[in-house]
Amino acid sequence: MIDSSGNTIALLDARRLTGRRHFNVMIKPVGSACNMACSYCYYLDKAALYGNREQVMGFDTLEVLIKSYFEADDSDCVEFNWHGGEPLLSGPGFYRKVLELERRYSAGRRVSNTIQTNGLLLSMEWADFFAANGFLVGISIDGPEDLHDGNRRRKGGEPTFRKVMDGISNLLSAGAQFNTMTTVNRLSEGRGKEVYSFLKGIGSRYMQFMPVLEYLDSNEREARIADPFEKSSSLAGWSVSPEGFGRFLCDVFDEWVRRDIGVIFVNQFDSTLANWCGVNPGSCVYGRLCGGNAVVEHNGDVYPCDHFVYPKYRLGNIKERSLEDIVNSPDMADFSLRKQSGLSSGCRGCEYLFACNAECPKHWHCVDGQDNAKSNALCEGYYMFYSHVAPYMDRMRECIRRKESPANIF
């Protein structure tokens, strides 16, 4: 198959673009509005796109979205991912309306809801609501108190760790399902083992580690997170170093692999094993193509990814075009295929390309000598990690082929 740029793509990629319709939607019901001001946040400055006004998605837009999503996605279970900003700012009534509309338009199909929150508003009322309605709650927490509060503070500078821990306690009391989202930033370096032990200690069984590496637009009077493909940008001081990120993952892996296989689930390790076995990694970050996680803003605007919410990437609006038309548009296909067509020669020749697939294009800042060809700025760290885990992944793959538990590697 040939893409619009004349590049040949693999059969698996062609199936991804033309096969059964399934994609994820990250919904921003309050846009970038938030009750925190994390120093490394890549989304707070998106308010400028909408006149710096804090808005909540109206019920008319919400109904169009939910109806259109069910029409566009023909999978057995349709997944709604509520994100922000801080999505709890929209209030409990908003999500009661969500459930009502999902029942109205699901036509009997299974529905799942996940919501990512900073935890400050997680009262017992919220926790009971999430538990009763089967929401999976993602909690943003960076580790022990000093590490978390180093970057994650209120707009007035007040720390947030204690309040977030209260929210987690409420979720545990209510029996609500939750996982943790932990950034790996400059302050995290050298503390992988400590962070992993802390997350286990607070009851997290599903962990996501997100590297923080951002560039700031040097042409702006005020600091703004730069489009990854802008040339006039400079590295933000909170960014993790490639070596620091690689060492962090290796240290977490060494703790996990000894006793927690099948007990604790870590997104990087699950995706790595999946790619080692030649199956879908379940994450666009480590997949061969982008475009499987469209973003719907509070007013219905659609973007291909929440790291590419810039005017030039806007795909349309759900009140003007159906979500199906938008996600199947040539612009979305071109964005999806950029991950293959934009690979540098260094990436193409790397022995671990199959495992990382050049990770997320938001980190493609380093020019490797070719015109417009980028290398992932975290490449050295990922190479360190994959070299470290390769023997274990080989053995786990063999266990799976023998229909044994990967924990049997020992």
Considering the convex hull of the alpha carbon atoms of the range 26-166, report its projected area averaged over all viewing directions, in nm², one decimal. 9.1
Within the accessible area of the range 257-310, what % is carbon and sulfur when the probe is 1.4 Å and the other protein chains stay in place? 51
Put a dot 7 Å past each Cα toward the Cβ at residue 39 and residue 165; how far apart are the dots in nm? 2.1
When only alpha-carbon atoms count, how far does the range 90-235 stretch along each of its three principal axes, as whole angstroms with the largest first? 50, 35, 29
With unit charges on the beta carbons (Lys and Arg positive, Asp and Glu negative) and the dipole taken about the Cα centre of the range 145-206, which residue among 199, 165, 184 sits farthest to the positive side? 184
Rounded to the nearest angstrom and ordered from largest down, what semi-axes does the equivalent ellipsoid of the chain get from its C-alpha gyration tensor (root of 5λ)? 29, 27, 24
For the chain, the charge dipole (Cβ of Lys, Arg +1; Cβ of Asp, Glu -1; about the Cα centre) points to a positive end, and the Cα of 345, 240, 278 closest to that extreme belongs to 278
In the range 143-238 the DSSP beta bridges are antiparallel at a rate, in percent to nearest 5, of 50
Comparing 400, 202, 139 in a Gaussian network model of the chain (Cα, 10 Å), the one with the largest mean-square fluctuation is 400
When only Cα pairs under 8 Å and 6 or more residues apart are kept, what is the percent relative contact order across the range 291-341? 32
Specify which residue in the list 326, 393, 290 is farthest towards the positive end of the charge dipole of the chain, using unit charges on the beta carbon of Lys, Arg (+1) and Asp, Glu (-1), about the Cα centre. 393
Backbone HN-Hα couplings from phi across the range 37-54 [Karplus 6.51/-1.76/1.60, Hz, Gly and Pro as x]: 9, 4, 4, 9, 4, 8, 10, 4, 6, 5, 4, 4, 5, 10, x, 6, 9, 8
For the range 82-134, Kirkwood radius (reciprocal of mean inverse C-alpha pair distance, Å): 11.9
Simple spin-label model, 7 Å along Cα-to-Cβ: residue 410 to residue 395 in nm? 0.9
Size of the dipole of the range 92-198 about the Cα centre, Lys and Arg at +1 and Asp and Glu at -1 on the beta carbon, nothing else charged, in debye to 20? 440
When the accessible area of the range 59-122 is split by element with a 1.4 Å probe, what percent falls to carbon and sulfur? 49
What list of ³J(HN,Hα) couplings, whole Hz, do you get for the range 76-81 from phi and the Karplus terms 6.51, -1.76, 1.60, once you set θ to phi - 60° and write x for glycine and proline? 5, 10, 9, 10, 10, 10
Rough spin-label spacing in nm, given labels placed 7 Å along Cα→Cβ, for residue 54 and residue 265: 3.4
Counting only residues 5 or more apart in sequence or on a different chain, those whose built amide H sits under 5 Å from that of residue 143 are 148
Cα centroid of the range 133-212 to Cα centroid of the range 225-278, whole Å: 16
Treat every Asp and Glu Cβ in the range 183-272 as -1 and every Lys and Arg Cβ as +1, leave all other atoms uncharged, and give the resulting dipole magnitude about the Cα centre to the nearest 20 debye. 340
Find the relative contact order for the range 293-410 and round it to a whole percent, using C-alpha pairs within less than 8 Å whose residues are 6+ positions apart. 13
Amide H contacts under 5 Å for residue 266, placed H, 5+ residues apart: 207
With N residues in the range 309-410, what two-decimal value do you get for its Cα radius of gyration over 2.2 N^0.38 Å? 1.47
Could you give each residue of the range 331-340 its phi-based ³J(HN,Hα) in whole Hz, using Karplus coefficients 6.51, -1.76, 1.60 with θ = phi - 60°, and x for Gly or Pro? 5, 5, 4, 5, 5, 4, 7, 4, 5, 8
Report, in debye and to the nearest 20, how large the dipole of the chain comes out about its Cα centre when Lys and Arg carry +1 and Asp and Glu carry -1 on their Cβ. 600
Per residue accessible area in Å² of the chain, where ligands, DNA and RNA are left out and the probe is 1.4 Å: 43
One would report the antiparallel percent of DSSP beta bridges in the chain, rounded to the nearest 5, as 30
Taking 51 Å as R0, compute the FRET efficiency from the Cβ-Cβ separation of residue 254 and residue 125 and round it to 0.05. 0.80
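The values are calculated or read from the model by the stated rules, or taken from the named source; none is laboratory data. Every value quoted in this text rests on a predicted model; they were computed, and no experiment measured them. Here the Cβ is made from the backbone with ideal geometry for all residues, glycine too, and neighbour counts use every protein chain on show. Remember, those area values only see protein heavy atoms, side chains included, never the ligands or the DNA or RNA. Shrake-Rupley method; radii C 1.70, N 1.55, O 1.52, S 1.80 Å.
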